[in-house]
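See below for the structure under consideration.
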Amino acid sequence: MDPIVVVDNLRKWFPIKKLFFTKGWVRAVDGVSFIIREGETFGLVGESGCGKSTLGRLIVRLLEPTSGTVYFEGKDVFRLRGRELKEFRRKVQIVFQDPYSSLNPRMMVFDIVAEAIKATQQEIPEDMEDYVASILEKVGLSREHLYRYPHEFSGGQRQRIAIARVLAVRPKFIVLDEPTSSLDVSVQAQILNMLKDLQKEHNFTYLFISHDLAVVKYMSHRIAVMYLGKIVEIAPSDEIFEAPLHPYTQVLLSSIPIPDPKIARSRMKLRPKGEPPSPINPPPGCRFHPRCPQACSLCAREEPPLIEIERDHYVACWLYARK
Ligand code: SF4
């Protein structure tokens with residue numbers, strides 16, 4: 001599969017202002033590179049505050065980077081202007097975590113979806129009402145929902161409306177930023193299965209962002225693990241779960257509850273030391289070194305590069321870079 005998105009050494013530092021002076025920087029995303037292949041679901045997982053949502057927003061160009069770039073279909077996203085930018089805005093969409101605040105409470109469902117079509121300046125369907133109703137059917141709603149307001153729906157139904165708005169503009173690449181984390185487990189499963197079915201039908205490419213490892217595993221073909229603004233491991237989904245290489249990935253996986261007490265006890269040994277450091281003042285060298293059970297003196301001095309250890313399996317750790 002060809003890459004549809006190429007992220008190249010992307011950085012986003014947010015200034016910390018005091019009066020008129022910049023007192024420091026929050027290094028939310030700090031030198032991240034990877035590719036996303038056409039038709040795949042690329043999972044992005046990490047603890048809260050690791051920079052994964054900022055990365056998602058950079059890729060859809062809701063934020064401008066501090067440095068580095070993103071290529072979509074071979075074009076530098078941050079240099080797009082005029083018609084090319086409008087086309088990018090149509091092809092690349094985002095579904096947010098909170099279906100309550102992502103829909104305008106004063107607009108009916110028909111207007112919410114129709115507005116998206118008009119805003120992307122596509123050919124307007126001859127019968128807009130029929131078209132919007134057909135999109136609603138794809139997400140498990142019906143024509144009778146067309147002229148209702150968002151407050152009349154449950155959380156799961158609102159997320160379906162948000163997905164309908166995205167589908168209506170015929171995108172190619174969709175960033176799903178924790179799309180089910182505010183929903184009940186049973187509703188979560190319905191939405192995830194629907195997203196999978198839509199991907200098969202339309203050959204969508206997804207960037208699926210979540211802190212929930214089980215959900216990311218279920219959805220993704222490949223997974224990237226993020227820690228404090230950096231990608232520390234990228235591998236096919238099964239490989240990440242069966243043979244994680246990076247100590248942080250191992251620690252992250254050890255947090256999944258296991259019913260067998262023997263296995264659960266052995267995993268307790270993988271607990272990291274201390275609390276995650278601040279992205280304002282990240283540690284030198286490997287950012288995980290103050291918490292890593294396998295750290296050595298080199299880890300505190302030099303940052304390990306992200307290198308391919310096995311086919312399609314990348315790790316940033318001196319345990320592997322020295323081999
Ligand atoms: Fe641990 Fe060193 Fe690997 Fe970082 S580079 S994860 S500190 S062993």
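The values are calculated or read from the model by the stated rules, or taken from the named source; none is laboratory data. What you see is a predicted model; the values in this text were computed from it and never measured. When we count neighbours, we look across all protein chains shown, and the Cβ atoms used for this are built from the backbone with ideal geometry, even at glycine. With ligands, DNA and RNA removed, areas are computed over all heavy atoms of the protein, side chains included. Shrake-Rupley method; radii C 1.70, N 1.55, O 1.52, S 1.80 Å.
General observations
- Computed from backbone phi with θ = phi - 60° and the Karplus coefficients 6.51, -1.76 and 1.60, the 3J(HN,Hα) list for region 134-150 is 5, 5, 4, 4, 4, 9, x, 10, 9, 4, 5, 8, 4, 10, 10, 8, x Hz; x is used for glycine and proline.
- Among the GluC sites (Glu not before Pro) within region 42-136, those in coil by DSSP and having at most 13 neighbouring Cβ atoms inside 10 Å are E123, E126.
- Rounded to 5, percent antiparallel among DSSP beta bridges of the chain: 65 percent
- Projected-area average for region 3-118 over all orientations - Cα convex hull basis, square nanometres: 9.9 nm²
- Residues R81 and S278, FRET efficiency given R0 of 51 Å [Cβ-Cβ distance, rounded to 0.05]: 0.90
- Carbon and sulfur %, accessible surface of the chain computed with the full protein complex present, 1.4 Å: 51 percent
- Taking every protein chain into account, the accessible area of the chain amounts to 50 square angstrom per residue (probe 1.4 Å).
- Between the Cα long axis of helix 109-119 and the first principal axis of the chain there is an angle of about 80°, rounded to the nearest 10.
- Extent along the principal axes, Cα only, for the chain: 67, 52, 44 Å, with the longest axis given first.
- Structure remark: mean-square fluctuation, Gaussian network model of the chain, C-alpha springs under 10 Å; the largest value among V185, V175, V32 belongs to V185.
- Eligible aspartates and glutamates near K118 by straight Cα distance, threshold 17 Å, same-chain separation 8 or greater: E84, E87, E126, D127, E129, D130
- Taking θ as phi - 60° and the Karplus parameters 6.51, -1.76 and 1.60, the scalar couplings of region 199-207 work out to 4, 4, 5, 10, 6, 5, 9, 10, 10 Hz in sequence order, x denoting glycine and proline.
- Distance violations [Cα-Cα > 26 Å] among K138/K230; K138/K217; K18/K75; K17/K75: K138/K230; K18/K75; K17/K75
- Scattering profile of region 74-152 at q = 0.18, 0.28 Å⁻¹ [log10 I(q)/I(0), Debye over alpha-carbon scatterers]: -0.87, -1.37
- Neighbour-limited loop hits for trypsin sites (Lys or Arg not before Pro), region 101-183 (at most 14 other Cβ within 10 Å; DSSP other than H, G, I, E, B): R106
- Along its three principal directions, the equivalent ellipsoid of region 50-101 from the Cα gyration tensor extends over semi-axes of 20, 15, 8 Å, largest first.
- Between region 76-147 and region 304-323, the alpha-carbon center distance in angstrom: 41 Å
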